[in-house]
There are 2 protein chains.
Amino acid sequence: MAQVAQATIGNSEFDRDTAVTLRDPGVPGVYDAELSAGWTIITAVNGGYLLALLGRALGDALPHSDPFTVSAHYLSPSEPGPAVIRTETIRAGRTLSTGQASLVQYAADGTEVERIRVLATYGDLDALPDDVRTTALPPAIPAYRDCLGPSDGPAPAIPGSSAITERLNIRLDPATVGWVVGMPSGKGEMRGWFGLADGRDADPLSLLLTVDALPPTSFELGLKGWTPTVELTTHIRCRPAPGPLRVSITTRNLAGGFLEEDAEVWDSADRLVAQSRQLAKAPLSHG
Amino acid sequence: MAQVAQATIGNSEFDRDTAVTLRDPGVPGVYDAELSAGWTIITAVNGGYLLALLGRALGDALPHSDPFTVSAHYLSPSEPGPAVIRTETIRAGRTLSTGQASLVQYAADGTEVERIRVLATYGDLDALPDDVRTTALPPAIPAYRDCLGPSDGPAPAIPGSSAITERLNIRLDPATVGWVVGMPSGKGEMRGWFGLADGRDADPLSLLLTVDALPPTSFELGLKGWTPTVELTTHIRCRPAPGPLRVSITTRNLAGGFLEEDAEVWDSADRLVAQSRQLAKAPLSHG
């Protein structure tokens, strides 16, 4: 997709494709959604995109609008097309509220199939004090111009179509792209710059997409194929500043057929804006 | 509490205090429990102990018995006394099943108050392949005899009673006990050896306690007071070997009034048996 005029928060492809509609004004908490085919990776809808959809529904249903911590358990692969999101307000406090959301789709025979269930605690990021006592340092990623995007080399060896790559502007650290040419580093690391292709800046909702948008670390561990997420928890720590984000993903423990992926997202103001961890099933085939 | 004859898995204080009883054989998934006053820290019931209770109920309700990943959102402080745990089986698959559990207590006027809600995916740890490609290394903790327990120095400056300390055998790395004598290191680190006081060995359920049992890293950051957990997700990666565990907790980002605590638990066979991360509210008072 060619770069178009800069999109804005609220008026972008991401916002249109994560829109949810209250089904019945008299029945709070139930939303209709349409899973866009534009955010598929191979044939499945990307888990981070789904999380943003659920996050938007919860932000509408709960008294607070910003996700602070979102825990998702993935139940079955989602498909492009209609979906229903049911939310429940569990607790509405003064500074924090907690809710639950479930995304379901329908099989050809009308059977309801649950895709993902989420527990989330929301708050108001703008109401937090300014204190920062972090010891975390931004990841050592080369400058944007020295990282590699789709036009800089051979096409990534992902079989099938990956429509999501057209909607993202990801430039990977050259140290973590060996898998593209069949020479994975053997380290469980994936790093790069992240933006939306239409130039929309990041907000807490889009960070839910960002934490699950880079290629899996398993590619650099020499494993090929699908790395399905079992569980993914994301903490949004502050509202991101405009500009490109840096994402660093690390896997330290691949064992027993499972691996964890720890993601950090840093904004242009050098602030750690999101931390996430997922447990995923390791691919079965070795490269 | 004096050391007694070695307790075993299934026959120990921890097992008795985390027992749950199916309320009605005709109604699956609803359990009665009694929150023991023996696992309180200051006046609140410890969050890891609660997690083990919920984990035991889910292990009974789901077709698989071992917690793989458990995500808990804490809603209100629990009190010793009766509680009800309601579970729901969300998905029962061949190798993994996912459930939800909610622990509620009752106010004096009979009002139901929800304390904690959990999403969890269970499986069979013994059915996992033996492959280990971890790059994680055990934490550098001094030998057991060189770490410090309650009898080795001044009493920890935790106000109020902390009954849980009598049930745990924790020996802290001397590098992370400066807070006890008013000289915190300033680093967000807490490390030590962990066991149950009655000698019961670890299992996947007790690991849910272990990840939230050490003093908070905020003490070493010079902050005093309660660090309430907002969300805690634990991944159990393999069944722990008998013998003492090593626990390492790290905080890298204290900002906006919140901090994350990343815990790793290693067993006597040098395997990474559990990884957890929690988001907690930072204490308001500085040391």
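Give me the mean projected area, in nm² to one decimal, of the convex hull enclosing the Cα positions of the stretch B:144-286. If I average the Cα hull's projected area over directions, I get 8.2 nm².
Over the stretch A:13-124, the hull volume per residue, using the convex hull of the C-alpha atoms, is 99 Å³. Maximal additional length on extending the residue B:183-residue B:269 stretch stands at 27.6 nm, based on 0.36 nm per residue less the C-alpha distance.
For the rotation carrying B onto A, the chain B residue whose Cβ lies nearest the axis, with the distance in whole Å, reads B:71, 2. Rolled with a 1.4 Å probe across the full set of protein chains, the surface gives residue A:20 an accessible area near 30 Å². Modelled this way, with points 7 Å down the Cα-to-C-beta line, the labels at residue A:19 and residue B:145 are 7.2 nm from one another. Neighbouring Cβ atoms from other chains, within 10 Å of the Cβ of residues in B:132-142, number 4 on average. Shown for the protein assembly as shown: the carbon plus sulfur share of the solvent-accessible area, taken with all protein chains present and a 1.4 angstrom probe, equals 55%. In the protein assembly as shown, helices alone account for a calculated mean residue ellipticity at 222 nm of -3000 deg cm²/dmol, with every DSSP H run of four or more residues adding -39,500 (n - 2.57).
The amide H of residue B:115, built 1.01 Å from its N in the peptide plane, has B:103, B:104, B:105 as neighbours under 5 Å, considering only residues 5 or more places off or on other chains. Rounded to the nearest 20, the size of the Cβ-charge dipole of chain A about its Cα centre is 480 debye, with Lys and Arg at +1 and Asp and Glu at -1.
Counting alpha carbon pairs within less than 8 Å and at least 6 residues apart, what relative contact order, in whole percent, applies to chain B? The normalised contact order for chain B reaches 18 percent.
For the residues of B:271-277, the average number of beta carbons from a partner chain within 10 Å of their own beta carbon is 3. The angle separating the long axis of helix A:47-61 from the principal Cα axis of greatest extent in chain A is about 20 degrees. Counting protein heavy atoms only and a 1.4 angstrom probe, how many square angstrom of accessible surface do chains A and B bury in total, to the nearest 100? By this definition, chains A and B bury close to 4700 Å². Averaging the Cα positions of each part gives two centres, and for the stretch B:98-128 and the stretch B:6-64 these lie 10 Å apart. Take residue A:27, move 7 Å from Cα toward the beta carbon, and the resulting point lies 2.6 nm from the same point in each other copy, nearest first. For the stretch A:200-211, 3J(HN,Hα) computed residue by residue from phi via the Karplus equation (6.51, -1.76, 1.60; θ = phi - 60°) reads 4, 6, 7, 9, x, 5, 5, 5, 5, 6, 4, 5 Hz, glycine and proline entered as x. The mean of 1/r over all pairs of different alpha-carbon atoms in the protein assembly as shown, once inverted, gives a Kirkwood hydrodynamic radius of 24.3 Å. Comparing A:65, A:185, A:97 in a Gaussian network model of chain A (Cα springs below 10 Å), the most mobile by mean-square fluctuation is A:185. With a Förster radius of 25 Å applied to the beta-carbon distance between residue B:76 and residue B:34, the computed FRET efficiency rounds to 0.85. Each peptide in B:142-152, A:198-208 gets a packing score, the mean of other Cβ atoms within 10 Å over its residues, and the list from highest to lowest is A:198-208, B:142-152. Applying the Karplus relation 6.51 cos²θ - 1.76 cosθ + 1.60 with θ = phi - 60° to the stretch B:258-265 yields 3J(HN,Hα) values of 10, 9, 9, 10, 9, 10, 10, 10 Hz, where x marks Gly and Pro. Taken about its Cα centre, the stretch B:1-152 carries a charge dipole of roughly 280 debye when the Cβ of each Lys and Arg holds +1 and the Cβ of each Asp and Glu holds -1.
Remark: label point of residue B:130 defined 7 Å out from Cα along the Cα-Cβ vector; separations to the same position in other copies 5.9 nm, ascending. Sorted from closest to farthest, the other copies place their residue A:8 label points 7.1 nm away, with each point set 7 Å from Cα along Cα→Cβ. Taking amide H as placed 1.01 Å from N in the peptide plane, residue A:223 has its amide H under 5 Å from the amide H of A:287, each at least 5 places away in sequence or on another chain.
For the segment B:222-235, counting C-beta atoms of other chains within 10 Å of every residue's C-beta and taking the mean gives 3. Between residue A:106 and residue A:92, full extension at 0.36 nm per residue minus the direct alpha carbon distance yields a gain of 2.0 nm.
The charge dipole of the stretch B:73-194, taken about its Cα centre with unit charges on the Cβ of Lys, Arg, Asp and Glu (plus for the first two, minus for the last two), comes to roughly 180 debye.
The values are calculated or read from the model by the stated rules, or taken from the named source; none is laboratory data. Small disclaimer: the values here were computed from a predicted structure and weren't measured. All Cβ positions, even for glycine, are placed from backbone atoms using ideal geometry, and neighbour counts span all protein chains on display. In case anyone asks, the SASA skips ligands and DNA or RNA and just uses the protein heavy atoms, side chains included. Shrake-Rupley method; radii C 1.70, N 1.55, O 1.52, S 1.80 Å.
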